[in-house]
Amino acid sequence: MRLGGVLALFWFAAVRSVPAVGQHPTGAIVGRLVDHESRQPVGGARIGLLGIGNELESDSSGRFSHTGLASGTYVLQVRAIGYSPASWIVEVGAGEVHSEVFELQRLPYVLDPLVVERRPSFSQQGRAEFQRRRAAGRGYFVTEEEIKRESPRSLADLLRHVPGVRLQCRGSMAGCTVHMARAPRECRPDFVVDGFEASNATSLDMPTIGIIGIEVYRTLSETPLQFLRADNQCGTVVIWTQSGQR
């Protein structure tokens, strides 16, 4: 074989050995925070992703962006002065830029300008109400201690052994659905995350990082009024996270 042919063969093999750039493109969450009633932008809010250390701050127009994200499911948490802490579940695909307007609810009370009172934090209120409902003996409860002891990877792992709950899976975990044993066939329960309705945004492959408690109500008679919707016949799963603790 000629020298030129040998060099060409060597160059071709070397090129084939170089890994392709951008095989795993990263995505981003680009958002804008607005007041639920006035639609005015909310600046100076703290925005974080559960399980990811760095926090961002919204600018004067309420805008922020989390970049360099791998594909997956994220829990977006927002805290702003004068507003209730809020969280959303966001799906980001490979190389996807998820853009959304997030609405914040104003706190339902106004401090008296002459008297300063210390009120329970969002986290303290949530924990106290969780324990009161648990003591009432209605529904099935999974505590933070139990979650830490079991070390589950996904929401499905937490619900798998709950009495009266069935998981139906087709292929991967993303294809799983949850049903209450006493509910009508093909009837799916409502999901509530940190007090907000989240049925359309919650999936069983949701990571358990940051989850501190779960309430499972399998029938209408078990479900507290605050979580009961007019068309609910399928039960309710209430999920609490670390949102509002900081």
Exercise. Which order do His66, His36, His161 fall in if you start with the one that has the fewest other Cβ atoms within 10 Å?
Worked result: His161, His36, His66
Exercise. Considering amide H positions built from the backbone, and no H for Pro or chain starts, which residues 5 or more places from Leu107, or on another chain, come under 5 Å of its amide H?
Worked result: Tyr83, Ser84
Exercise. Sorted by packing (mean other beta-carbon atoms within 10 Å per residue), highest first, where do 147-159, 70-82 land?
Worked result: 70-82, 147-159
Exercise. Dipole of the range 128-225, Cα-centred, from +1 at each Lys and Arg C-beta and -1 at each Asp and Glu C-beta, to the nearest 20 debye?
Worked result: 380 debye
For this session: Please list, in chain and number order, the residues 5+ apart from Val97 or on another chain whose amide H is under 5 Å from its amide H, with Hs placed from the backbone.
Result: Ala28
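All of the numbers you see were taken from the coordinates with simple rules; none came from a lab. Computed from a predicted model, the values in this text were never measured in an experiment. All Cβ positions, even for glycine, are placed from backbone atoms using ideal geometry, and neighbour counts span all protein chains on display.
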